[in-house]
Amino acid sequence: MRLGILGGTFDPIHFGHLLAAEEARVALHLNQVLLVPAGDPPHKPDEAVSPAAHRLAMIRLAIADNSALAISTMDLDRPGPHFSVDTIHLLRQEWGTDAQDTFFIMGADSLSQLPTWHQPERLIELCRLAVAARPGYRADLGGLEAALPGLKGRVDWLEMPVLDISSSDLRRRIEEGRSIRYQTPTAVAEYVAEHGLYCKK
């Protein structure tokens with residue numbers, strides 16, 4: 001069993017998330033990719049996050065046609081704060097995977113911040129890192145290796161088209177009354193409109 005884990009607030013989910021999940025699945029021969037919506041993200045303490053029910057509904061709509069993608073509500077079902085190292089440890093227990101068959105999917109921008117995360121040295125012992133390029137970010141692997149010895153040997157680079165899409169930009173576009181078509185699945189855009197998400201109150 002080879003397992004991919006993609007965490008995030010998914011507020012809303014967009015094609016950048018889905019492309020990273022699918023590219024990791026194919027490139028790393030993953031049997032399953034879990035999308036793990038954040039419950040209480042410690043790196044976003046001052047940012048309002050949409051209710052979990054809405055974020056889950058949008059993820060379900062986005063992945064409905066891909067049986068290799070699934071949702072784990074682990075971080076929604078347990079009290080926070082939620083740290084990636086704990087989530088990966090618990091998911092490995094649940095799915096019975098080892099460190100060589102567990103891949104944490106992230107962007108190069110997140111990789112650059114890894115030394116500031118909670119227990120990063122344990123994180124790279126628990127899994128491999130599947131890292132996708134992000135526009136404007138270039139990871140300093142030498143500096144990262146100095147901060148976290150052994151990191152370079154735990155990274156798998158994902159060659160994929162670069163989509164400069166972010167949830168924060170989609171929320172801003174919606175608030176300004178602009179289109180998000182072709183940046184997120186149609187079903188997600190329709191859900192956002194139906195429920196009036198991200199509009200000015």
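The values are calculated or read from the model by the stated rules, or taken from the named source; none is laboratory data. Everything numeric here is computed off the predicted structure, so don't read it as measured data. No Cβ is skipped: glycine too gets one built from the backbone with ideal geometry, and neighbour counts run over all protein chains shown.
Figures for the structure shown
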{"item": "Test: A48 is out of contact with any Cys (no Cβ under 7 Å at 6 or more places or on another chain) and modelled with pLDDT of 95 or more", "result": "no"}
{"item": "Residue in region 34-56 that is on the phi < 0 side of the Ramachandran plot, more than 14 Å from the chain's Cα centre (by Cα), polar (S, T, N, Q) and surrounded by 18 or more Cβ atoms within 10 Å (Cβ to Cβ) present", "result": "yes"}
{"item": "Restricting region 64-82 to residues that are among the small types (G, A, S) and out of contact with any helix residue (DSSP H, G or I) (no Cβ under 8 Å at 6 or more places or on another chain), the residue that is farthest from L123 (Cα to Cα)", "result": "S67"}
{"item": "Condition broken by G39, with the remaining ones in (1) modelled with pLDDT under 95; (2) touching a Pro at 6+ places or on another chain (Cβ under 7 Å); (3) not β-branched (V, I, T) satisfied", "result": "(2)"}
{"item": "Condition check for T102: within 19 Å of V26 (Cα to Cα) and of a type in the set (S, T, N, Q)", "result": "yes"}
{"item": "Long-range neighbours under 6 Å by Cβ, at least six apart or interchain, first residue modelled with pLDDT of 95 or more within region 88-110, second surrounded by fewer than 16 Cβ atoms within 10 Å (Cβ to Cβ) and of a type in the set (S, T, N, Q)", "result": "none"}
{"item": "Looking only at region 148-170, and only at residues there that are modelled with pLDDT of 95 or more and of a type in the set (A, V, I, L, M, F, W, C), the one that is surrounded by the fewest Cβ atoms within 10 Å (Cβ to Cβ)", "result": "L148"}
{"item": "Boolean, V85 is in contact (Cβ under 8 Å) with a residue 40 or more places away in the chain and under 28 Å from P185 (Cα atoms)", "result": "no"}
{"item": "Unmet criterion (only one of (1) buried (at least 21 other Cβ atoms within 10 Å of the Cβ); (2) more than 19 Å from G39 (Cβ to Cβ)) for I105", "result": "(2)"}
{"item": "Looking only at region 150-181, and only at residues there that are of a type in the set (S, T, Y) and free of Cβ contacts under 8 Å to residues at least 24 places away in the same chain, the one that is farthest from V131 (Cα to Cα)", "result": "S179"}
{"item": "Strands (runs of 3 or more DSSP E) wholly inside region 83-201 that include at least 1 residues being of a type in the set (S, T, N, Q) and in contact with a helix residue (DSSP H, G or I) (Cβ under 8 Å, 6 or more places away or on another chain)", "result": "102-107"}
